[in-house]
Amino acid sequence: MSDIKPPLAERWNEALLAKAASIKLIALDVDGIMSDGRLYFSATGDELKAFNILDGLGLKQLMKAGITVAVITGRRSPLTEKRMKDLGIPHLMQGREDKKVALMELIADMDLQPNQIAYMGDDLPDLPALSFAGLGITVPNGYWLVQQQADYCTQTAGGAGAVREACDLILWAQGQLTQTLAPYTGAHS
């Protein structure tokens, strides 16, 4: 199993892989990216969200590989806070409508350049941050203008494993995918 190659690697051109190879931070939106974008409310008004388990493990693999993970979302949600805490995500910025400003605040003390940042979003509030980042990623169920501006649109829909696809892209481009899969496959890089 030392020749592990994700099936989507055939879609990843050299320019995309070069951008992904430089990434040290990925920042993600929540609704439409980490969830399916639908808002669920109980009869008592409690908010419910579904997060894909594939995305969670992918983010953990990125962090183990030394990539910082951040979440920037326009909404405030105790469920989002709990999920990010459970995953060990160190940076959570909620209630942030201007995501580019939030992203710039986040990296101010990290000594990172835009080409070292990936941003994953699906709608107009994400567009400035996505355009600022060196690698802009969106999903096929995202707004058409965001799809046009992104460097990469995942095959997988938001909330259905799209984040994991982005994680695999970055890890593959950095030559770390086999290593992060080794505990599960016995493969060695």
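The values are calculated or read from the model by the stated rules, or taken from the named source; none is laboratory data. It should be emphasised that the depicted structure is a prediction, and the values quoted were computed from it without experimental measurement. Glycine gets a Cβ as well: all are built from the backbone with ideal geometry, and neighbour counts include every protein chain shown.
Being touching an Asp or Glu at 6+ places or on another chain (Cβ under 8 Å) and farther than 19 Å from T154 by Cβ is a property that does not hold for P114.
Rundown of residues vs (1) surrounded by 18 or more Cβ atoms within 10 Å (Cβ to Cβ); (2) of a type in the set (G, A, S), yes/no style:
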| position | (1), (2) |
| --- | --- |
| T68 | yes, no |
| R75 | no, no |
| I89 | yes, no |
| M110 | no, no |
| Q155 | no, no |
| A160 | yes, yes |
| Q179 | no, no |
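If you check S77 against the conditions, is it closer than 15 Å to G159 by Cβ, under 12 Å from the mean Cα position of the chain (by Cα) and modelled with pLDDT under 95? Judged against the criteria, S77 is not a match.
Considering only the range 122-133, I want to know if a residue exists there that is buried (at least 19 other Cβ atoms within 10 Å of the Cβ) and within 16 Å of L62 (Cβ to Cβ). Scanning the range 122-133, I find at least one residue that is buried (at least 19 other Cβ atoms within 10 Å of the Cβ) and within 16 Å of L62 (Cβ to Cβ), so the answer is yes.
Checked against (1) in contact with a strand residue (DSSP E or B) (Cβ under 6 Å, 6 or more places away or on another chain); (2) of a type in the set (A, V, I, L, M, F, W, C); (3) modelled with pLDDT under 95, A9 passes all but condition (1).
For the range 134-145, residues that are surrounded by fewer than 24 Cβ atoms within 10 Å (Cβ to Cβ) and among the polar types (S, T, N, Q) total 1.
A Cβ distance below 7 Å, combined with a sequence gap of six or more or placement on separate chains, defines the contacts here; from the range 1-24, residues that are under 10 Å from I170 (Cβ atoms) reach residues that are among the acidic types (D, E) and at pLDDT 90 or above in the pairs K19/D151.
Does K60 fit the bill of being assigned to a helix (DSSP H, G or I), closer than 15 Å to G136 by Cβ and under 15 Å from the mean Cα position of the chain (by Cα)? No: the conditions fail for K60. Of all residues in the range 55-74, those satisfying the criterion of being within 17 Å of V163 (Cβ to Cβ) and out of contact with any helix residue (DSSP H, G or I) (no Cβ under 8 Å at 6 or more places or on another chain) are M63, T68. Residues that are modelled with pLDDT under 95 and touching a Cys at 6+ places or on another chain (Cβ under 8 Å) number at least 3 in none of the helices (runs of 4 or more DSSP H) confined to the range 94-189.
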